[in-house]
Every structure is written in C-alpha cells, then in structure tokens.
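**Q** One structure, as structure tokens, below. Some questions next.
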Amino acid sequence: MSSVNTAHLNQTLAAWSPAQLGLAGDVLEVVRAPHPVLATEGALVDPLDPVMVALAADLVATMRVSPGCVGLAAPQVGVAAQMFALDVTGHPKTRTCHGVFVLCNAVVVEATRQEKSREGCMSVPDLTGDVKRATRLTITGVLPGTTEELTLTTDAFEARALQHEIDHCAGALFLDRVAGAHAIYPRKVYL
Amino acid sequence: MSQLAVTVIGPDRPGIIADVTEALAQAGVNLEDSTMTLLRGHFAMMIVCSGPFAEVREALEPLRGELVITVREMGPEHAHAPIGPPYLLSVHGADRPGIVSAVTRMIASVGGTITDQTTRLSGALYVLTAEVELPPGAELGMLQRALEITAEELGVGVTLRPAESDDL
C-alpha cells in the first residue's frame, strides 16, 4: 500500500517487538463485565517495574491466543493499570499500522475526524455497539522497560483500537460511549 | 380514518413483518412510525398507522394465534416538542431488580423526559441506553451527582453526556 495516505510511522514503535521484553508472557484469564475492575480507573504504571514488564508480556501472550483480538488492556486481565497491548496488523480497516506494541500511561493529545463504527470487546462478548471515535489520533505513551515518552500519530482502525484501549485504562467501556439508545446490538455469530 | 396503534408480539420466524404489513396494506392502511426488534428472541413490533379500525382488526385476524396482536384507536397525534437539549444516558453493571426504575426516577425528578430507551441483559451484565431531554432549568451538576449516588447504591456505572448531532 502507498504510504501517501497513511500517517508518518513512529519508527521506534514500528520496530518494537515483544522479544525486547526479555521474557515470554503467560496467557491470563480475560475478565468480563460487570467485573468491577473494568469500571476502575487504572493506576499510572512505572514502565521499568519488572512486574509491569511481565504484565506487558502477559498482555501480548493473551492477545495472541484470543481469536480476532486486536488489543487488550490491563483491566481486562484484572489489573487496574494504565497499560495495553495492541496489534491491528492485517485487519481490513487498518491503514497506518505500527504492528504489535505495548504502551504504558498513554494519553490522547489530539483526536479529530470522528466517525461512527460498530465495535466489540472481549470483556463484553455478547454485545456490540456503534461508537463515534476519532479517525486521526495523536497519543503519547511509554514502552514497557523504557522511560522515553513516545508520540504516535495514526488513523483509521489503529486509532479506533487505541481509543478503545485507553478508555479501558480509564475504567470506561464502549458501552459508556455508544451513539444512541438503539446503538447496542446482540453480537451476531454465524455457526 | 383514524390513527391506530398496532402491536405484534410472538415467537420469531422469518416473514412476520411481511405478513403483518401485507395484511395492513390490503386493508388500505398507511404505515407511519414503527419500530421492531427482538427482545430475548421474541419478535416485538409497534406500529402507528392510519386506517379503518374495523377493517384492520379483521385483516390481522388470520395472523392471531402464535402472534399476540392488539389494535387500538389513538387520540389526536401530538408532535413531540423537545423540552430541552438532548443527552445520552448509559448505565451498565451487574443485573439486579430496580436499576431502570431508580435511574429513570432521577431523570423524571428534574423534569427530564426519555425519548428513546433500550435495555439488554447479557449474561450477568445489564445495559441501559436512553436518549434524554432535560429542561433548560435542570441543574445538570446536581443531576450528575444524584445519578452517581444512585448508581453507586445499585452497584452500576452511569454516564450522562450531551448527544452530538452534526448537521451536514
């Protein structure tokens, strides 16, 4: 795909690999609403804390074994902390793509060009909802095991997924942001 | 010709809407506002339409049985004039009796009105979303706090935010 229509990649993030965490993560159980941890604002994390580095590896490992999962936040594995793993590689709605990465203490800096789309969540497995989110997004955050604050600009599906995960870190679900009284749907599963 | 309210509820199957609206069309009915959804798998439809009462009842008679159908004559139509700016109310948490009544009572107590509402039970999770109009004089801050206190007592989370609408 041409790079003309995508955001400028943050090369540090794009080049990052879970191998840099130096340990293989464990697959953790994903909690479901109405578990209270999903409604709890996550604590700021120390990205150098070995416990948090291990959690980063666990998030990646758990995301990897979950079919269709493009992101997983610490509250979803029962930890009220501001950390999430993301990987929108290969999704048809992805344009700009930084591959797999984990971020700590991510903050939205700029969010523009709102568009409505239907999204789901592993922690709300039986419902989906229409949510309006920015399709151009700039955030800051820190890679686990490092101290440097990175700035990431992206668009389309990666932007949506990032906002969904940052919401988790603040104790919010997509259910808090649905676009109308009829914007929540039972998930359609064709067997 | 009067305005009629038709409700249809029953076990879902393909073709209910086609059957009902075909019968109404044959009775010379003009469909106006309607809504249809599945409520825990049950077909549920409400229609406001204009047509001849007796003919409509008769036209729908063959469909009764598996479907519970009511036809009522309505009073004069009231155009809904908004009482104030629109908000979106979202409530979710562990299911228990009394969530909807407690939350909607708080809205009513400040003179707010609900113009659209859906609730879903998904496993242990109960979700309510509603569109709410609040009168201009309503103390939004007070209402937010009252909703939060009510929500805490119920063990659920609540958000009330302005409904965005973009004119294009």
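**Q** What does the net charge come to around A:ALA106 if you take all other residues with beta carbon closer than 12 Å to its beta carbon, with K and R at +1 and D and E at -1?
**A** -3
**Q** Still on this structure: Using only the alpha-carbon atoms of chain B as identical scatterers, what base-10 log of I(q)/I(0) does the Debye formula give at q = 0.11, 0.19 Å⁻¹?
**A** Log10 of I(q)/I(0), two decimals: -0.63, -1.11.
**Q** Can I get the semi-axes of the stretch A:131-175's equivalent ellipsoid? Compute them from the C-alpha gyration tensor as square roots of 5 times the eigenvalues, in angstrom, largest first.
**A** Here the semi-axes work out to 20, 14, 6 Å.
**Q** Averaged over its residues, how many other protein chain Cβ atoms are within 10 Å of peptide A:166-177's Cβ atoms?
**A** Across the residues of A:166-177, the mean count of other-chain Cβ atoms within 10 Å is 3.
**Q** Nearest 5 is fine: what % of DSSP beta bridges in the stretch A:15-116 come out antiparallel, could you say?
**A** The antiparallel proportion sits near 90 percent.
**Q** Continuing with this model, one more query. Quick check: net charge around B:GLY51, other residues with Cβ under 11 Å of its Cβ, Lys/Arg +1 and Asp/Glu -1?
**A** So the environment of B:GLY51 carries a net charge of -2.
**Q** State the antiparallel share, in %, of DSSP beta bridges confined to chain A, rounding to the nearest 5.
**A** Approximately 95 percent, going by the DSSP bridge assignments.
**Q** Taking only DSSP H segments of four or more residues, each worth -39500 (n - 2.57), what value at 222 nm results for chain A once the sum is divided by all its residues, to the nearest 500 deg cm²/dmol?
**A** Computed mean residue ellipticity for chain A: -5500 deg cm²/dmol.
**Q** Let me know the Rg and Dmax you get for the protein assembly as shown when you use only its Cα atoms, in Å.
**A** 24.3, 78
**Q** While we're on this one: If you average 1/r over every pair of different alpha-carbon atoms in the stretch A:11-186 and take one over that average, what Kirkwood value in Å do you get?
**A** 16.0 Å
**Q** I need the calculated FRET efficiency for the pair B:ASP33 and A:THR140, taking r as the beta carbon distance and R₀ as 41 Å, to the nearest 0.05.
**A** The computed FRET efficiency comes out at 0.30.
**Q** Divide by every residue of chain B the summed helix terms, -39500 (n - 2.57) for each DSSP H run of at least 4, and state the resulting mean residue ellipticity at 222 nm, rounded to the nearest 500 deg cm²/dmol.
**A** After summing the helix terms and dividing by the residues of chain B, the value is -8000 deg cm²/dmol.
**Q** Mind listing the phi-derived Karplus ³J(HN,Hα) values for the stretch A:70-84, rounded to whole Hz, using 6.51, -1.76 and 1.60 with θ = phi - 60°, and x for any glycine or proline?
**A** 3J(HN,Hα) across the stretch A:70-84, in whole Hz: 10, x, 8, 9, 3, x, 6, 10, x, 10, 7, 9, 8, 8, 8.
**Q** Follow-up question, since we're still on this one. Enumerate the whole-percent occupancy of each 10 Å bin, from 0 to the last occupied one, for all C-alpha pair distances of the stretch B:86-162.
**A** Percent of Cα pairs in each bin: 20, 58, 21, 2.
**Q** Further question on the same structure: Can you compute the charge dipole magnitude of the stretch B:86-162 about its Cα centre, using +1 on each Lys and Arg Cβ and -1 on each Asp and Glu Cβ, nothing else charged? Give it in debye, rounded to the nearest 20.
**A** With Lys and Arg at +1 and Asp and Glu at -1, about 100 debye.
**Q** With each label point set 7 Å from Cα along the Cα-Cβ vector, what nm distance links A:VAL107 and A:ARG64?
**A** In this crude label model, A:VAL107 to A:ARG64 measures out at 3.2 nm.
**Q** Might you report the magnitude of the Cβ-based charge dipole of the stretch A:9-140 about its Cα centre, with Lys and Arg at +1 and Asp and Glu at -1, to the nearest 20 debye?
**A** 620 debye
**Q** Moving on to the next point. Compute the Rg to Rh ratio over the stretch B:14-109 from the alpha carbon atoms, using the Kirkwood formula for Rh, and round to two decimal places.
**A** A ratio of 1.07.
**Q** Could I ask something else about it? Modelled label-to-label distance, B:THR119 and B:ILE17, 7 Å Cα→beta-carbon offset: nm?
**A** If labels sit at B:THR119 and B:ILE17, their model points lie 2.5 nm apart.
**Q** Hey, another quick one. For a footprinting-style exposure proxy, rank A:ARG95, A:ARG133 by other Cβ within 10 Å, fewest first.
**A** A:ARG95, A:ARG133
**Q** Let me ask another. Please list, by residue number, every one of the GluC sites (Glu not before Pro) in the stretch B:86-168 that is coil in DSSP and has at most 12 other beta-carbon atoms within 10 Å.
**A** Qualifying residues, ordered by number: B:GLU139, B:GLU164.
**Q** Something else about it: Determine the sum of side-chain charges near A:LEU48: Lys and Arg each +1, Asp and Glu each -1, restricted to other residues whose C-beta is under 15 angstrom from that of A:LEU48.
**A** -4
**Q** Right, something else. Out of all DSSP beta bridges with both ends in the stretch B:1-122, state the antiparallel percent to the nearest 5.
**A** 95 percent
Bear in mind that the values in this text are calculations on the coordinates, not laboratory data. Small disclaimer: the values here were computed from a predicted structure and weren't measured. Every residue, glycine as well, gets a Cβ built from its backbone with ideal geometry; the counts of neighbours run over all protein chains shown.
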